[in-house]
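Here's the structure, in structure tokens; my notes come after.
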Amino acid sequence: LSPQGKMPQTPPFAAMFDSSGYNRNLYQSKEDNCGGLYYHDNSLLSGSLEALIQHLVPNVDYYPDRTYIFTFLLSSRLFMHPYELMAKVCHLCIEQQRLSEPGLDKNWMQKIAPKILQLLTEWTETFPYDFRDERMMRNLKELAQRIASGDEMYWKNVQQLLQNLIRKLTAVSQYEEVLAKIDAASTDRLTVLKTKPQSIQRDIITVCNDPYVLAQQLTHIELERLNYIGPEEFIQAFVQKDPLNNDKSCYGDQKKTRNLEAYVEWFNRLSYLVATEICMHVKKKHRARVIEYFIDVARECFNIGNFNSLMAIISGMNMSPVSRLKKTWAKVKTAKFDILEHQMDPSSNFYNYRTALRGATQRSLTAHSNREKIVIPFFSLLIKDIYFLNEGCANRLPNGHVNFEKFWELAKQVSEFMTWKQVECPFERDWKILQYLLTVPVFSDDALYLASYESESPENHIEKDRWKTLR
């Protein structure tokens, strides 16, 4: 390490897990296998929690592999609070300092400080929301003080680290405030519909008549929401009790964010918005025009690599208040829609979509522009995949060891998401369209059915009964 306390630059996430999947050839010292870590062919397969924590902490001639840091910080929260892990890391660093020979103290500090600083940098950059906990912040500042007091030149780096962290935490708080405002702004328009449907002047096509532009604005919303999701939110979605420690309940108080939920809510909103825009028109030709418009938007989303908006639009068109409008659909050229539906067909575990996603991922890896880098996955399927991966394997082996092999797999899936969420949106923002998409009120299920029956009257007893109750 150079004396300036500079650390090797951290490679981007895509490079972190190499082509064979992930980089498991961790730096390994001889005593590791007996020290509570179990390897096979140079791959770390399992270890006691204590040994894994030790493995995270750098010493004079060792710095943990970056994939290990990400994987352990991601998965350790299934066994302990991040603040407990932080306290242990601090304790181990201080222990090391105490055990180093007197007189070597300054020398030792110069060797180890940049490494501890690097570990803290990776932690705060990748899992900033862990530090919304005062206990975490306290520990971080204490350890940072310790490093900086050893040498003036680390002081700048420590300040930088804390500033970057606080900037991220401020940004997420502002984002949450905006989301709360957006929620407050959109209320149900059922009453308007009941009194006089004509009173709805604005519709999506008057706000944005170009499907291409709308797809770009949807991509803005998607990338922003994706960007605020912390990797740990996937894991926290299924934190249960640790079977070896019954008195530790699941970490209800640990959840510091709900960006993941907000993103799923956006998907639902977009589906309902699509259905609303179609059903609110009294005239059949208007409804058909809106359907064709959304088919074009969906196709643009597909071309951009925005699979989440694509899926939301398709599911909005497949909602029964929309799909039952036979006379309307008869006026639509559906060939393009059939192609898109085929792409997102759920059969064989979404085989077609997964193939398209792989194609988009390949394109993003060799991309020259941000435009080609965009990959926005069908999000609820991503959550489901991670959930099943978690459910399908035990967190602990029978001997009490942490099943690290499982966590490599989890980290691999989450790290792919990390690459996607870091893409800058290359399109210009259009605030008028964004405002409309995020805040225009959408119909409830009942309002959609009511509008649908008003447009094309009920066809059978079930529909007739439902219409009666709605009126």
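The values are calculated or read from the model by the stated rules, or taken from the named source; none is laboratory data. Just so you know, these numbers come straight off a predicted model, no measurement behind them. Using ideal geometry, Cβ is built from the backbone for each residue, glycine included, and neighbour counts are taken over all protein chains shown. What goes into the accessible areas is simple: the full protein's heavy atoms, side chains included, and nothing from ligands, DNA or RNA. Shrake-Rupley method; radii C 1.70, N 1.55, O 1.52, S 1.80 Å.
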Let me spell it out: the conditions are (1) touching a Lys or Arg at 6+ places or on another chain (Cβ under 9 Å); (2) touching a residue at least 12 places away in the same chain (Cβ under 8 Å), and residue 317 meets all of them except one. Which number is the exception? (1)
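Can you pull out the helices (runs of 4 or more DSSP H) entirely within the range 1-100 that have at least 1 residues that are open to solvent by 10 Å² or more (accessible area, probe 1.4 Å), within 24 Å of residue 113 (Cβ to Cβ) and at pLDDT 70 or above?
Working: elements: 13-16, 49-56, 66-75, 82-99.
Per the criteria, 49-56, 66-75, 82-99.
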What are the residues in the range 111-130 that are under 26 Å from the mean Cα position of the chain (by Cα) and assigned to a helix (DSSP H, G or I), if any? 118, 119, 120, 121, 122, 123, 124, 125, 126, 128, 129, 130
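Taking the range 131-157 on its own, how many of its residues are in a helix (DSSP H, G or I), open to solvent by 10 Å² or more (accessible area, probe 1.4 Å) and within 22 Å of residue 80 (Cα to Cα)?
Going through the range 131-157, the residues in a helix (DSSP H, G or I) turn out to be 131-132, 134-150, 152-157.
Restricting the remaining residues to those that are open to solvent by 10 Å² or more (accessible area, probe 1.4 Å) gives 132, 134-135, 137-139, 141-142, 145-146, 149-150, 152-153, 155-157.
Keeping just the survivors that are within 22 Å of residue 80 (Cα to Cα) gives 132, 134-135, 137-139, 141-142.
Residues flagged as in a helix (DSSP H, G or I), open to solvent by 10 Å² or more (accessible area, probe 1.4 Å) and within 22 Å of residue 80 (Cα to Cα) within the range 131-157 amount to 8.
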How many of the residues in the range 338-347 are outside any helix (DSSP H, G or I) and either open to solvent by 30 Å² or more (accessible area, probe 1.4 Å) or not assigned by the TED database to the domain that holds residue 304 (or both)? 2
Checking residue 405 against (1) buried (at least 18 other Cβ atoms within 10 Å of the Cβ); (2) touching a strand residue (DSSP E or B) at 6+ places or on another chain (Cβ under 8 Å), which single condition isn't satisfied? (1)
With a cut-off of at least 2 residues that are surrounded by 24 or more Cβ atoms within 10 Å (Cβ to Cβ) and assigned by the TED database to the domain that holds residue 208, name the helices (runs of 4 or more DSSP H) lying wholly within the range 287-333. 307-317
Is there a residue in the range 414-436 that is more than 21 Å from residue 230 (Cβ to Cβ), free of Cβ contacts under 8 Å to residues at least 12 places away in the same chain, among the aromatic types (Phe, Trp, Tyr) and assigned by the TED database to the domain that holds residue 314? yes
Give me a count of the residues in the range 348-367 that are open to solvent by less than 80 Å² (accessible area, probe 1.4 Å) and in a loop (DSSP other than H, G, I, E, B). 1
